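The values are calculated or read from the model by the stated rules, or taken from the named source; none is laboratory data. None of the values given here were measured: they were computed from a predicted structure. Note: ideal-geometry Cβ built from the backbone for every residue, glycine included; neighbour counts use all protein chains shown.
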Amino acid sequence: MAYLLGIDLGTSSLKTAVVEASRLRVLASASREYLIQQPFPGDAEQNPEDWWRALIDTVRRAVAQAAIDPGAISGIGFSGQMHGVVCLDETLRPLRPAIIWADTRSAPQVAALEARLSRNDIARYAPGRPAAGWMGPSLMWLAEHEPETLARTQQIIMPKDYVRLRMTGQAAAEISDAGSTWLLDIKSGQWSGWLVEQCGLEMRYLPPLLRSEQFAGELLPAAAAELGLPAGIAVAAGCADQPAQALGYGLVEPGIDLVTIGTGGQVFHPLAQPAVDPNLRLHTYPHAAPGRWYAQAAILAGGLSLRWLRDVLGLAQREDAYTHLSALAAPVALGADGLLFLPYLAGERTPHMDPQASGAFLGLRLHHTTGHLARAVMEGVALAMADCLERVAALTEGASHSAIIITGGASNSAVWRQIQADVYARSVSLATGEHQACVGAALLAGVASGAFTSVTEAAGRIPGPAEVIEPDPQRSAFYRERLALHREMYPLLHGAMHRLAAR
């Protein structure tokens, strides 16, 4: 029997899963956390060596847990946190800690780009608006504040590409991750000379591009010895974490949206053709499947909003805190008896793209209880996600009729699942399985190693969701009115939010 390794290099931890190739079934997994370094406020950096140490630890533990012969592993694939920057010297070693997506020091560079470029030019050449922490703006920051680093830089790669480099000795990028750099032409799948020029950079930094499922090299003997694996295993290029998770659920073709409410909230909308929002309220990237793209809309505080409520209510030490909050919310009437929550606790992405937006409870009265607060938070997050769904639907005809798969921590709550179905006014299917980013990474390894003929063929092997939650027409009608009210609030409160943020 053949096995694959799926590696997911996340923001706070790295996870490795041993996956049975024939059925893409996870047999065992292991994870290890690492730190985000913040030398100054707004900085977010990581030591690439921490990723490698986490990989060694998790590969050894996962393979031991699966109790398989390491010689039966035929391929290794990757999923990785998006947008980050690893600067390499002439020996392909990191020159400094990696700047990751959460870093905000390049906000002035983003502001300068947006002041100089027209909305039409951004929509024509870029995947959407630039953001602090993305490779292009981060390199602009380095050019201004650490020019000596760029002068010594020979190659620039992204986080998961560094781990693959350590395995194969080859520096390369791949198309789905490169799409989130703000340096790639997402239509052609090649580095964009125009975007590179707008960022004041040079093409010489940028490595060769691979397809996500492409064979990227063999596991070198030295790396194999550290990982406890045989040398010569096929290594795939891998992909960004969002398309990896989508592949893990079998999502390649248009017609099914993946709605994830974890810490944040994301809508993954597959596209047959690239389509950039002319209003720049969301982003379009290449999918890991050849000839496919996806639109992504996102909010910053999805499950994070309920975690915030848990903590301020003093429930952080209670193991069943989320179950408790769901039980309190369950009997509360629709609309939380006149309470509306805006989930902008960390600013907001889609559709406002406003880092100074702030959260709010509106309509708070003496009769409101903990259960009302919990339900209002769940409803407010779902209303924000409904806004995201409508924005991606506007890109393509018929997208508003796509099926929906829901996943993330919010899908563990029966109350929150039903709220989502009612707010979206569409049937939602509850995702099955776990570690799906690792499964997607393993799927790519299977194509690279020859176990599967194509990404599409492999994705077809993944079983679909079993449980379907149907919306209630009356509740959906109520939430349509509540969504309209939700949309009215940001324009009304925008000025006050910014004045308060400036204090």
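Restricting the range 127-170 to residues that are hydrophobic (A, V, I, L, M, F, W, C) and in contact with a Phe, Trp or Tyr (Cβ under 6 Å, 6 or more places away or on another chain) leaves a set whose member that is nearest to Leu195 (Cα to Cα) is Trp134.
When Ile100 is tested against the conditions (1) in contact with a Leu (Cβ under 7 Å, 6 or more places away or on another chain); (2) buried (at least 16 other Cβ atoms within 10 Å of the Cβ), the lone failure is (1).
Quick one: in the range 425-442, which of the residues that are out of contact with any Asp or Glu (no Cβ under 8 Å at 6 or more places or on another chain) and in a helix (DSSP H, G or I) is farthest from Leu247 (Cα to Cα)? Looking at the filtered set, the residue picked out is Ala442.
If a residue counts only when it is in contact (Cβ under 8 Å) with a residue 12 or more places away in the chain, β-branched (Val, Ile, Thr) and touching a Leu at 6+ places or on another chain (Cβ under 6 Å), which strands (runs of 3 or more DSSP E) contained entirely in the range 1-76 have at least 1 such residues? Spell out how you get there, then give the answer.
On the way: elements: 3-9, 13-20, 25-33.
Of the strands (runs of 3 or more DSSP E) lying wholly inside the range 1-76, those with at least 1 residues that are in contact (Cβ under 8 Å) with a residue 12 or more places away in the chain, β-branched (Val, Ile, Thr) and touching a Leu at 6+ places or on another chain (Cβ under 6 Å) span 13-20.
Checked against (1) within 25 Å of Thr453 (Cα to Cα); (2) touching a strand residue (DSSP E or B) at 6+ places or on another chain (Cβ under 9 Å), Ser22 passes all but condition (2).
If the condition is being crowded, with 20+ Cβ neighbours inside 10 Å and aromatic (Phe, Trp, Tyr), then the range 213-270 contributes Tyr249, Phe268. Taken over the range 92-117, residues that are polar (S, T, N, Q) and either outside the structural domain of Met158 (by TED's automatic domain parsing) or touching a helix residue (DSSP H, G or I) at 6+ places or on another chain (Cβ under 9 Å) (or both) amount to 2. Check the range 437-450 and report whether any residue there is farther than 17 Å from Ala403 by Cβ and surrounded by fewer than 21 Cβ atoms within 10 Å (Cβ to Cβ). For the range 437-450, residues farther than 17 Å from Ala403 by Cβ and surrounded by fewer than 21 Cβ atoms within 10 Å (Cβ to Cβ): present.
For Ser411, are the conditions met, namely being buried (at least 19 other Cβ atoms within 10 Å of the Cβ), closer than 30 Å to Gly363 by Cα and small (Gly, Ala, Ser)? So Ser411 passes the test. Scanning the range 349-382 for residues that are more than 24 Å from the chain's Cα centre (by Cα), closer than 24 Å to Val259 by Cα and either part of a loop (DSSP other than H, G, I, E, B) or of a type in the set (A, V, I, L, M) (or both) yields a total of 4. Whenever a residue of the range 180-202 is in the same structural domain as Gln154 (by TED's automatic domain parsing), its partners that are of a type in the set (Asp, Glu), lying with C-beta atoms within less than 6 angstrom and at least six residues away or across chains, give the pairs Ser192/Asp185. Based on what the data block shows, is His352 surrounded by fewer than 24 Cβ atoms within 10 Å (Cβ to Cβ) and within 29 Å of Pro270 (Cβ to Cβ)? When the stated conditions are applied, His352 passes them. I'd like to know if the range 463-471 contains one or more residues that are exposed (fewer than 13 other Cβ atoms within 10 Å of the Cβ) and over 25 Å from Ala403 (Cβ atoms). No: zero hits. Given the structure, is Ala288 surrounded by fewer than 24 Cβ atoms within 10 Å (Cβ to Cβ), closer than 24 Å to Ala441 by Cβ and touching a residue at least 24 places away in the same chain (Cβ under 8 Å)? Criteria not met by Ala288. Inspect all residues belonging to the range 270-288 and state whether any of them is basic (Lys, Arg) and under 24 Å from His435 (Cβ atoms). No, the conditions are met nowhere in the range 270-288. Taken over the range 310-348, the criterion of being assigned to a loop (DSSP other than H, G, I, E, B), over 18 Å from Ala496 (Cα atoms), under 30 Å from the mean Cα position of the chain (by Cα) and touching a residue at least 40 places away in the same chain (Cβ under 8 Å) is satisfied by Leu313, Ala330. Note on the range 459-496: residues that are of a type in the set (A, V, I, L, M), out of contact with any helix residue (DSSP H, G or I) (no Cβ under 8 Å at 6 or more places or on another chain) and either within 17 Å of Leu383 (Cα to Cα) or in a helix (DSSP H, G or I) (or both) total 7.
Only a single item in (1) modelled with pLDDT of 95 or more; (2) buried (at least 18 other Cβ atoms within 10 Å of the Cβ); (3) more than 13 Å from Ser13 (Cα to Cα); (4) of a type outside the set (Lys, Arg) is not met by Thr91, and it is number (2).
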